[in-house]
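The structure appears below as structure tokens.
The values are calculated or read from the model by the stated rules, or taken from the named source; none is laboratory data. Owing to the predicted nature of the structure, the values given are computational and were not obtained by experimental measurement. Neighbour counts run over all protein chains shown; Cβ positions are idealised from the backbone, glycine included.
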């Protein structure tokens with residue numbers, strides 16, 4: 001029963017993971033390809049899951065002097081980095097823009113070979129809302145970050161920066177000659193969680209079937225001599241002479 005309860009708990013856990021995947025897929029489908037909305041400070045001051053992947057259009061200037069490289073960011077199985085640049089807006093605040101991915105370099109360990117320059121002057125950016133990341137307990141070289149820790153990044157700047165969410169670049173105008181690699185659209189896939197949950201539930205049922213079979217086999221082993229012994233043969237007793245005479249008289253009605 002303990003093992004069956006564990007299988008049931010694992011099955012429910014897989015169903016919960018499927019519900020989370022379904023919520024993520026629903027958010028991507030609702031927001032990713034919609035028309036960009038105008039910038040509003042509240043979009044980046046507080047993060048709401050219902051607004052993730054929503055494209056936002058904003059105008060400002062890139063602060064390339066405070067550009068940062070985020071370490072350990074794989075893409076399609078390849079190790080690399082992501083490029084973050086603050087976009088200073090007309091209201092005096094800034095939104096961090098993730099301009100894309102770069103592969104690891106060959107010339108210097110721990111650094112990309114080349115980082116495409118962000119456009120200079122005023123630029124109109126369309127970026128999708130993404131949540132900030134937690135602090136990681138590991139260091140990073142000068143000019144790099146271990147994660148997209150927006151509060152820690154903002155502490156390195158001398159102007160206010162939104163610290164709840166950042167923008168994942170979708171387009172820039174004017175567009176530069178070269179840009180980092182843009183990430184692909186998130187996969188619309190619920191994963192194998194439903195089939196995994198059904199497997200765990202089936203394992204829980206099969207535990208009782210297997211236990212019952214084992215009990216039956218053990219019973220047969222414990223009572224093997226009794227089960228294999230031949231059944232006793234019942235013999236019929238020959239009637240006595242007096243019984244035969246009584247039977248004849250009874251037949252004649254005497």
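Quick notes on this one:
Condition check ((1) surrounded by fewer than 14 Cβ atoms within 10 Å (Cβ to Cβ); (2) assigned by TED's automatic domain parsing to the domain that holds residue 47; (3) part of a loop (DSSP other than H, G, I, E, B)) across all residues:
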{"position": "112", "(1), (2), (3)": "no, yes, yes"}
{"position": "115", "(1), (2), (3)": "no, yes, yes"}
{"position": "119", "(1), (2), (3)": "no, yes, yes"}
{"position": "125", "(1), (2), (3)": "no, yes, no"}
{"position": "137", "(1), (2), (3)": "yes, yes, yes"}
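- Helices (runs of 4 or more DSSP H) contained entirely in the range 187-254, each with at least 1 residues that are modelled with pLDDT of 80 or more: 193-222
- Residues that are loosely packed, with under 11 Cβ neighbours inside 10 Å and closer than 30 Å to residue 129 by Cβ within the range 188-223 comprise just one, 189.
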